[in-house]
1. Please work out which residue is farthest from the chain's Cα centre (by Cα), limiting yourself to segment 195-225 and to residues that are surrounded by fewer than 18 Cβ atoms within 10 Å (Cβ to Cβ) and hydrophobic (A, V, I, L, M, F, W, C).
2. Just checking, does segment 176-187 include any residue being outside any helix (DSSP H, G or I) and touching a Phe, Trp or Tyr at 6+ places or on another chain (Cβ under 9 Å)?
3. Could you list all residues from segment 162-176 that are closer than 28 Å to E134 by Cβ, in contact (Cβ under 8 Å) with a residue 24 or more places away in the chain and out of contact with any helix residue (DSSP H, G or I) (no Cβ under 9 Å at 6 or more places or on another chain)?
4. Got at least one residue in segment 154-162 being surrounded by 21 or more Cβ atoms within 10 Å (Cβ to Cβ), under 18 Å from E192 (Cα atoms) and at pLDDT 95 or above?
5. Need pairs with beta-carbon distance below 9 Å; first residue on the phi > 0 side of the Ramachandran plot and crowded, with 16+ Cβ neighbours inside 10 Å and within segment 177-194, second assigned to a helix (DSSP H, G or I) and at pLDDT 95 or above; sequence gap 6+ or separate chains.
6. Just for segment 32-47: of the residues that are surrounded by fewer than 21 Cβ atoms within 10 Å (Cβ to Cβ) and part of a loop (DSSP other than H, G, I, E, B), which one is nearest to the chain's Cα centre (by Cα)?
7. Filter segment 202-254 for residues that are part of a strand (DSSP E or B) and free of Cβ contacts under 8 Å to residues at least 60 places away in the same chain; which is farthest from I187 (Cα to Cα)?
Amino acid sequence: MRILSWNVNGMRAAVRKGFLEWFHAEAPDVICLQEIKATPNDLTKEMADPDGYHAVWNPAQRKGYSGVAVLSKKKPREIHLGMGIKRFDVEGRIIRLEYKNFDLLNIYFPNGTSGPERLKYKMDFYDAFLDHCEALRKEGKKLVITGDVNTAHKAIDLKNPKSNEKNSGFLPEEKAWMDKFVSHGYIDTFREFCQEPDHYTWWSYRANVRKKNIGWRIDYFFVTEDLMSKVKESCIYPKVMGSDHCPIGLDIKT
């Protein structure tokens, strides 16, 4: 199964920039989308419910903000929206799909850059999400987790670690949570295949930043330890344009 994930930074804008042509050319088994900033009613039928795919949408209550979607060739056994916590679920941040051999979670984690309140919200979301995943594992679930985590885990995961130590996305408490998450047995699949620097998934829109590859790796595919042996590839597609993020991919044997 080939799964792609992409923070599109606005579904309507992405479609204008050629998303559908790219999507049909790639023809993944599943694509997880974050920051859709739209409801299905805002989109054409071709985007909202493409032929050959089961479409699942979880937009935020606030118009033009946040939201996630999944397009899947295979019909999932069950669909779950959110974590069951209203203050998080109103922002349309999680879709969980149950498949035969694992559950797939598509998440748009909060951004903490706008001030202390949002940073606290982000850290609260992180803690609630880990609890949510641990509860699923106690039920015997194997998990594939993907999305925009909005934190670079280690110095290798951003171009300028020193100058960003006081910025949300690379704060000590955010990195500490990533350490904790990984220590619970959630494997950062990309780093199992590539230990080299200069691989990023997000670049500022500022002039020439992407061209110079001054980026951050903040989009991930994690799997629980019991699935790692099934993962054949985990990769980044930095040349794909259309957003300030690029897509990432996972090939997993099912």
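The values are calculated or read from the model by the stated rules, or taken from the named source; none is laboratory data. Fair warning: this is a prediction, and the values are worked out from it, not measured in the lab. Backbone-built Cβ (ideal geometry, glycine too); neighbour counts: all protein chains shown.
1. The residue in question is A207.
2. Looking only at segment 176-187, we keep the residues that are outside any helix (DSSP H, G or I), and these are 184-187.
Now drop any that are not touching a Phe, Trp or Tyr at 6+ places or on another chain (Cβ under 9 Å), which leaves 186-187.
Yes, that holds for at least one residue.
3. Once the filter is applied, which keeps residues that are closer than 28 Å to E134 by Cβ, in contact (Cβ under 8 Å) with a residue 24 or more places away in the chain and out of contact with any helix residue (DSSP H, G or I) (no Cβ under 9 Å at 6 or more places or on another chain), segment 162-176 yields G169, K175.
4. Quick first cut of segment 154-162, residues surrounded by 21 or more Cβ atoms within 10 Å (Cβ to Cβ) only: 157-158.
Still in the list and also under 18 Å from E192 (Cα atoms): 157-158.
Okay, now just the ones that are also at pLDDT 95 or above, so 157-158.
Looking through segment 154-162, at least one residue is surrounded by 21 or more Cβ atoms within 10 Å (Cβ to Cβ), under 18 Å from E192 (Cα atoms) and at pLDDT 95 or above.
5. Close Cβ pairs satisfying both conditions: G185/R137; G185/E225; G185/D226.
6. This residue is T39.
7. Taking segment 202-254 first, the residues part of a strand (DSSP E or B) are 202-203, 215-216, 219-224, 231-236, 245, 248-252.
Adding the requirement that they be free of Cβ contacts under 8 Å to residues at least 60 places away in the same chain leaves 203, 215, 231-236.
Working: W203: 24, G215: 22, V231: 11, K232: 14, E233: 13, S234: 11, C235: 14, I236: 16 Å.
For segment 202-254, the residue satisfying everything is W203.
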